[in-house]
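What follows is calculated from the coordinates using simple rules that are stated; it is not laboratory data. All figures in this text were calculated on a predicted structure; none of them were measured in a lab. In this analysis, Cβ positions are derived from the backbone assuming ideal geometry, glycine residues included, and neighbour counts consider all displayed protein chains.
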């Protein structure tokens, strides 16, 4: 799940082809993380504990990175604490935990499509709350998203999706929209790496209070997943967790930052929309999740709406 969006770093030597390739690699790693996380969830790891594990281990890695290369980012002003706490708890912890709950009950591709409506919420927020200029295409974006989601849910069949899963993913979309809005303001005064580190710190602290580590069900991590079906290779739980944290979180985040040296934010957002598509294909191969042709069409309509929303500001 791509939850890292930062402004491009100005550079004279832009190479868009390289930037697209790097961002596509990041989107693929994020997309694969959906299937990897679902293997852990299906193996019995509670969704809230999986979120706690992800943010905590990612925070520790980012802490080392900032300490070695951006030591000034370890400084925290008292005036930042409140905003960073909201950013970390509601923007990061809520987004990831609700996403995990969503993919536990829905197909990975469906869950991501619902969550990816966040940019439409952001555009509407700036239009009606912040009173900033937003093109009227945002209303078409909203209409397309609603029609697309209706197709995905196959409402004419009496709403075929799990209600709790849908509500969780809608909650994740709201939290992700908040993440974007707050991040856009916070990144003005702080570099994106240390900003993300502090966000993960407050997410880590939140989970440590809500569900202390001494009560962590470590036995649930002693699992073995078999993608590609019963005859597929056996993958131990520790390897899945390592992927989720390193290749599913920290590495793609670094790739996104690198790609934004060559791409503008609107260009990057277009590539980012490949994530639900790639995630759906990977979930089909690894988990055997199949979407109907109508759901695939609905997904395309949703992504068209997201694209319009991304380019409406």
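Mean separation of Cα pairs under 8 Å and 6 or more residues apart, divided by the residue count, gives the chain a relative contact order of 43 percent.
Inverting the mean 1/r over all pairs of different Cα atoms, compute the Kirkwood radius of region 78-211 and quote it in Å. Present the calculation step by step, with values, prior to reporting the outcome.
Working: mean 1/r = 0.0626 Å⁻¹.
Averaging 1/r across every pair of different Cα atoms and inverting gives 16.0 Å.
Once C-alpha pairs closer than 8 Å and six or more residues apart are averaged by separation and normalised to the residue number of region 175-270, the relative contact order reads 11 percent.
FRET efficiency for the pair residue 160 and residue 61, taken as 1/(1 + (r/R0)^6) with r the Cβ-Cβ distance and R0 = 41 Å, rounds to 0.55.
Look at where the Cα atoms of region 61-97 and of region 142-166 average out, and the two centres are 35 Å apart. At the listed q of 0.23 Å⁻¹, the Debye profile of region 180-230, built from one uniform point per Cα, gives log10 I(q)/I(0) equal to -0.85.
Rank-order 152-158, 35-41, 248-254 by packing density, defined as the average count of other C-beta atoms within 10 Å over each peptide's residues, highest first. Can you show the working numbers first?
On the way: 152-158: 13.9, 35-41: 23.0, 248-254: 21.4.
Ranked from most to least packed, the peptides come out as 35-41, 248-254, 152-158.
The separation of region 244-313 from region 17-35, counted between C-alpha centres, amounts to 8 Å. With helices as the sole contributors, the chain gives -21000 deg cm²/dmol at 222 nm; each DSSP H run of n ≥ 4 counts as -39500 (n - 2.57), and the sum is divided by every residue.
Could you give me D for region 154-313, from Stokes-Einstein at 25 °C and 0.890 mPa s, where the hydrodynamic radius is the Kirkwood radius over C-alpha pairs? Units µm² s⁻¹, please.
Numbers: Rh = 19.2 Å.
The estimated diffusion coefficient comes to 127 µm²/s.
As a size descriptor, the averaged projected area of the C-alpha convex hull of the chain was calculated at 16.9 nm².
When peptides 84-91, 163-170 are ranked by their average number of other Cβ atoms within 10 Å per residue, the highest-first order is 84-91, 163-170.
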